[in-house]
1. Which value in nm describes the separation of the simple spin-label points at residue B:96 and residue B:332, placed 7 Å from the Cα toward the beta carbon?
2. Can you tell me the Rg and Dmax of segment A:1-107, counting just the alpha carbons, in angstroms?
3. Nearest to the axis that maps chain A onto chain B: list the chain A residue whose Cβ wins, with the distance in whole angstrom.
4. Find how much the distance from residue A:205 to residue A:50 grows on full extension, using 0.36 nm per residue of separation minus their present alpha carbon separation; answer in nm with one decimal.
5. Per DSSP H run of at least 4 residues, take -39500 (n - 2.57); add these up for the protein assembly as shown, divide by its residues and hand me the 222 nm value, nearest 500 deg cm²/dmol.
6. Mind checking A:145-158 for the average number of partner chain beta-carbons within 10 Å of each residue's beta-carbon?
7. What FRET efficiency, computed as 1/(1 + (r/R0)^6) with R0 = 41 Å and r the Cβ-Cβ distance, is obtained for residue A:308 and residue A:155, rounded to the nearest 0.05?
8. Checking the table B:51/B:164; A:157/A:231; B:227/B:301 against a 26 Å threshold on Cα-Cα, which pairs fail?
2 protein chains.
Amino acid sequence: MKLATYRNGTRDGQLMVVSRNLNAAVAVPAIASCMQELLDNWDGIAPKLEKIYQQLNDSDVDGSIQFDEALCESPLPRAYQWADGSAYVNHVELVRRARGAEMPPSFWEDPLMYQGGSDDFLAPYDDIEMGSTEWGIDFEGEIAIITDDVPMGVDAKTAGQHIKLLMLVNDVSLRGLIPGELGKGFGFFQSKPSSAFSPVAVTPDELGDAWKANKVHLPLLSEYNGKAFGKPNAGEDMTFDFGQLVAHAAKTRHLGAGAIIGSGTVSNKQGTDHGTSIEEGGVGYSCIAEVRMIETIRDGKPATQFMQFGDTIKMEMKDDGGQSIFGTINQKVVQYEGPEK
Amino acid sequence: MKLATYRNGTRDGQLMVVSRNLNAAVAVPAIASCMQELLDNWDGIAPKLEKIYQQLNDSDVDGSIQFDEALCESPLPRAYQWADGSAYVNHVELVRRARGAEMPPSFWEDPLMYQGGSDDFLAPYDDIEMGSTEWGIDFEGEIAIITDDVPMGVDAKTAGQHIKLLMLVNDVSLRGLIPGELGKGFGFFQSKPSSAFSPVAVTPDELGDAWKANKVHLPLLSEYNGKAFGKPNAGEDMTFDFGQLVAHAAKTRHLGAGAIIGSGTVSNKQGTDHGTSIEEGGVGYSCIAEVRMIETIRDGKPATQFMQFGDTIKMEMKDDGGQSIFGTINQKVVQYEGPEK
């Protein structure tokens, strides 16, 4: 099943069932008005939506319209929980090596995860409005899952059964603010502004064989300023699967229905030290920071700059037949002029 | 105006208007069913609730019942944003001194703030269920505010106008898990489990002269295992006021309506090095960690242990006439037996 949230002037938007080929969509207000309502009662509501989804794929459904991902909010325009892991430990190792820091061996056994802010997600086509490029604006391409209610202390295997939906996410990061914030010891806050998610969220069965062992075994495609930038496979080098990430998040708390858990930046090692760019025949990267790290390790300093005003980033994932699974995240960085006076 | 959320079998509970003396309450489903609905449209709904509040204070209102804080959820049983500052820098300095760490001078100018998890708050009378006392279970008594929509880049003065409601909070902390998590560099996650808030949230005008310069100038009363533990004044030694904390949280993001911002553990310096206990004639503390820090500085090691199963913590704040303002947080630590199989 594929689902989206259309803008409709409300804070939580209008839940839409979307056809597998992303051509058609239909609102289902009699069943659920918004995505959170579905997640609050997944077992009661999802089967009804599945029926409509099958009809939409097979034939025409009353009230269906052409699907337009530009009209979408993020599937959850706001959420109660957004916890982002860093499961591609290759990415973590690279970041640390570039700044000359050792990586503790425990990082291979105990997931890194930060608590994100979830009150005001960007839509997949929203501009990334920022006050200054000196903040070091970067994208981070990731996979994210949405859970139903998860009990505290769940084990990793059982945790996988709580994964109801999958999305892509652009975890916007302000690299220039990160060292100062991490130096203060309380983790990210200002350096992790609002994230944007793919227009469409899908149930795991939509991925077929590509959903295995709680990982998505498909390339994550990033296009930066109209040029292919990355296509690493999200199923490779993922040290912690989504079951392990959910279990980590739920160690000392219950997770409420609609909790979003991210994978961290998708990154492949490719048998090289730290992967290679698409131009060099490799799979490239899912954030600018990795390129700069490699430049730093190789040349002593980074050459690639972070995002400038006017820069664009697209993210997408396709199935083996070339069909877009989640629609496209498609954002431009623009100058924020400050609050209205 | 005073408001509360009654348990009613739904995730968001039933919004109640509560009389100033906390004796009476009335549900207002025709105006707003839950607290978030009010915050989503504060300007449209709050004036209607104010009228009912005045009637409830002056006389009987149709459908009003005796208010029972034991039936309350936290005012927002789940929220989209929970950001907790550490505005009583005395507390921060003490923690660092006890572990022999320097405190950067910037800590007096740039607030510490961590991103908390907000999907599953405890009710004010809920047990604190934890898997192990080895995690170092501690309470932290704080003030918290709730905002309406706050634009990115708001200045501290304007930010104060976005403060709509005030509460108390017990920011449950797992001290044994903190060093490991902070050592990983991504901030708190497992070490900050679900928090509990006071039964009643109040508009700032309810505090009269005690609400000055975006601070609450009243003692925060903590009672640990039935014994007075702390009464520090929340208006003293608060280095950053709530306007500054909101502005800090909104530097690189908009804050959605219903964002909760905490003060950090209330702590008074009292002209001594780090305050003194109530037994010594001082104002005491708002968490066990501070006592242990002082013991460490004085004796080389802590003597007071963290919370054990069966331990209780109460938090309250009274006006000059002795009237409880927010009702009482009243919790017991119990062993969590793990998820149902």
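Each value in this text was obtained by applying a stated rule to the coordinates, not by laboratory testing. This one's a predicted model, so the numbers in the text were calculated from it and none came from an experiment. Positions of Cβ are backbone-derived with ideal geometry, glycine not excepted, and every protein chain shown enters the neighbour counts.
1. 4.0 nm
2. 19.3, 60
3. In chain A, the Cβ lying nearest the symmetry axis toward B is A:187, 1.
4. Details: separation 155, 0.36 × 155 = 55.80 nm, distance 1.17 nm.
Difference between extended and current length: 54.6 nm.
5. Working: 14 runs with 129 residues, N = 682.
Taken over the protein assembly as shown, the calculation gives -5500 deg cm²/dmol.
6. Working: counts 0, 0, 1, 0, 3, 3, 4, 9, 6, 2, 2, 0, 0, 2.
Per-residue shielding by partner chains comes out at 2.
7. Values: r = 46 Å, r/R0 = 1.11.
Here the calculated transfer efficiency is 0.35.
8. Details: B:51/B:164 17 Å; A:157/A:231 28 Å; B:227/B:301 23 Å.
Going by Cα-Cα distance, A:157/A:231 fall outside the 26 Å limit.
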